[in-house]
1. Would you check if THR119 is more than 14 Å from the chain's Cα centre (by Cα) and closer than 24 Å to GLY265 by Cα?
2. Keeping to segment 61-74, report how many residues are assigned to a loop (DSSP other than H, G, I, E, B), free of Cβ contacts under 8 Å to residues at least 40 places away in the same chain and out of contact with any Asp or Glu (no Cβ under 7 Å at 6 or more places or on another chain).
3. Could you figure out which of (1) open to solvent by less than 50 Å² (accessible area, probe 1.4 Å); (2) over 23 Å from LEU171 (Cβ atoms); (3) not in a loop (DSSP other than H, G, I, E, B) isn't true of LEU12?
4. How many of the residues making up segment 75-103 are part of a strand (DSSP E or B) and touching a Lys or Arg at 6+ places or on another chain (Cβ under 8 Å)?
5. Can you tell me how many residues in segment 29-59 are part of a loop (DSSP other than H, G, I, E, B) and at negative phi?
6. Which residue is most open to solvent (accessible area, probe 1.4 Å), if the candidates are limited to segment 194-212 and must be out of contact with any helix residue (DSSP H, G or I) (no Cβ under 8 Å at 6 or more places or on another chain) and assigned to a helix (DSSP H, G or I)?
7. If VAL264 satisfies every condition in (1) at pLDDT below 95; (2) over 28 Å from GLY114 (Cβ atoms) but one, which is the exception?
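The values are calculated or read from the model by the stated rules, or taken from the named source; none is laboratory data. Since the model is a prediction, treat every value here as computed from it, not as a measurement. We place every Cβ from the backbone using ideal geometry, glycine too, and count neighbours over all the protein chains shown. We work out accessible area using only protein heavy atoms, side chains counted, and drop any ligands, DNA or RNA first. Shrake-Rupley method; radii C 1.70, N 1.55, O 1.52, S 1.80 Å.
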Amino acid sequence: MNRRKLLALAVLLPLTGLGLAALAGELLLRLVDPYEFGEQMEHDRFIAGIRGPNPEGAMVLESFYLRPGAHVEFLGASFDFNDEGYRTPVVPKQKPDDVFRIVVVGDSVPFGWGVPEETCFPRRLETLLNEVERPFGKERVEVVNLSGPGRGLGDYYIVLKDLGLSYQPDLVLIPFIFNDVPIQATEQAADAAPPPIAVPEWGRSSFLMRMLYRKVNEARGSFGRSDYWIGIRSNPEAAKLCCLGFQLLRDLAGDVPLVVFDTVGDRPGEPMPEVVACTSALGVPRIECFLPVDEWNEKWAIEPPVHKHPNPAAHDLYARTILSWLEEQGGLRR
C-alpha cells in the first residue's frame with residue numbers, strides 16, 4: 001500500500017468512527033429523548049404554522065400575531081383561526097342589544113394550548129353563562145377570546161387598544177399568568193445571563209445538535225429559564241411592572257369594567273401581596289384561582305406535561321371560578 005493510500009486511511013478511519021459515533025448518539029437520543037426534543041420540535045412546527053404577519057398599521061407585539069385562517073393540528077387538538085387571527089368564533093363588531101359581551105385578552109393559557117377550543121376556559125365560561133336564564137338580563141352571552149401564545153401585559157394592552165374595545169365589551173377579563181412579566185425584563189445588565197445561542201436552522205432536525213447547543217448554553221449560564229413563578233415573587237421590580245400594566249389596562253378600558261383573573265400564588269394558596277395591594281388601590285377587581293402546585297402534573301397538566309399548560313379539567317375549574325365570582329357580584333341573574 002502506497003503512502004498516499006495510508007494517509008487517506010489515516011484520515012478516513014477516524015472520520016468514519018466519528019460519524020458512526022454521531023449516528024449512534026443521534027439514534028440513542030431519539031430513542032430515549034431525555035430532553036424532550038421531540039416535543040420541542042413539535043412545538044417549533046406548531047409555532048411556525050400559526051405565526052402570522054403583523055397586521056398593517058398595528059403595533060408590533062412582543063410575541064407575535066397569529067396567522068388568519070390557519071389550521072394546525074397540535075397535541076391532539078385542532079387549532080383554527082378566524083380572519084383576524086384568533087381562535088374564537090366570529091361575531092359582529094356591532095354588539096346586538098340582547099347580548100352581554102366579554103372580551104378575554106391573554107396568553108397561551110386562555111388561548112387553549114394543547115386543548116380543543118371548546119374546552120378552553122373562555123369558551124367554557126360562555127357555555128356556563130348561557131345555561132343561566134337571561135344572563136345579565138340579556139338573551140345570551142358572547143365571550144370573544146383574543147389570546148395568543150407568549151403574550152404578556154404589554155401585548156394585552158396593544159390587543160385591547162387595537163382590537164378588543166372595537167367589540168364593544170361589557171366586561172374585559174385579563175388572565176394574570178405566572179410569566180406575564182418575565183423576570184429578565186427587570187434584571188440589571190451586569191446580573192443578566194447572556195442570551196442563549198440558538199440552534200442553526202440546518203441543525204434543528206438533529207437531537208444531537210440540540211443537545212450540544214443545550215450543553216454550551218448551560219456552560220455559559222444562559223440556558224433558558226422558564227420558572228418565572230419564582231422570579232416574579234422574588235423581584236419587587238417585576239411586581240411593580242405587573243401593577244403598572246394593570247393600571248394602563250384599566251385606564252385604556254375606561255368605563256368598561258376590567259377584571260384580573262389571578263392564577264399566580266406567591267405560595268400555594270397565597271396571592272402576591274403586591275398584586276393584591278395594587279389592584280385594590282386601582283379599584284380593579286381580582287378573581288383568585290390557584291391550582292395546587294403539588295398536584296399539577298398528576299391532575300391539572302396536559303399530556304405530555306413538559307408544556308406545563310392546564311388540561312381541560314383545569315380550564316373547567318377556571319371557568320367555574322369566574323362564574324362563581326360573577327354570581328357573587330350580583331347582576332348575573334336579573
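1. Working: more than 14 Å from the chain's Cα centre (by Cα): yes; closer than 24 Å to GLY265 by Cα: yes.
Yes: the conditions hold for THR119.
2. To start, the set of residues in segment 61-74 that are assigned to a loop (DSSP other than H, G, I, E, B) comprises 61-65, 67-70.
Subset that is free of Cβ contacts under 8 Å to residues at least 40 places away in the same chain: 67-70.
If we keep only those that are out of contact with any Asp or Glu (no Cβ under 7 Å at 6 or more places or on another chain) as well, we get 67, 70.
Total meeting the criteria: 2.
3. Of (1) open to solvent by less than 50 Å² (accessible area, probe 1.4 Å); (2) over 23 Å from LEU171 (Cβ atoms); (3) not in a loop (DSSP other than H, G, I, E, B), only one is false for LEU12: (1).
4. Taking segment 75-103 first, the residues part of a strand (DSSP E or B) are 77-80, 99-103.
Next, only the ones that are touching a Lys or Arg at 6+ places or on another chain (Cβ under 8 Å) stay: 79-80, 99-101.
Count: 5.
5. Taking segment 29-59 and keeping what is part of a loop (DSSP other than H, G, I, E, B), we get 33-36, 52-59.
Now narrow it down to the ones that are at negative phi: 34-35, 52-56, 58-59.
Adding up the residues that qualify gives 9.
6. TRP202
7. Failing condition for VAL264: (2).
The rows are residues; the columns are (1) surrounded by fewer than 19 Cβ atoms within 10 Å (Cβ to Cβ); (2) in contact with a Cys (Cβ under 6 Å, 6 or more places away or on another chain); (3) without any contact (Cβ under 8 Å) to a residue 60 or more places away in the chain.
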site	(1), (2), (3)
GLY283	yes, no, yes
ILE302	no, no, no
ALA313	yes, no, yes
ARG320	yes, no, no
ARG333	yes, no, no
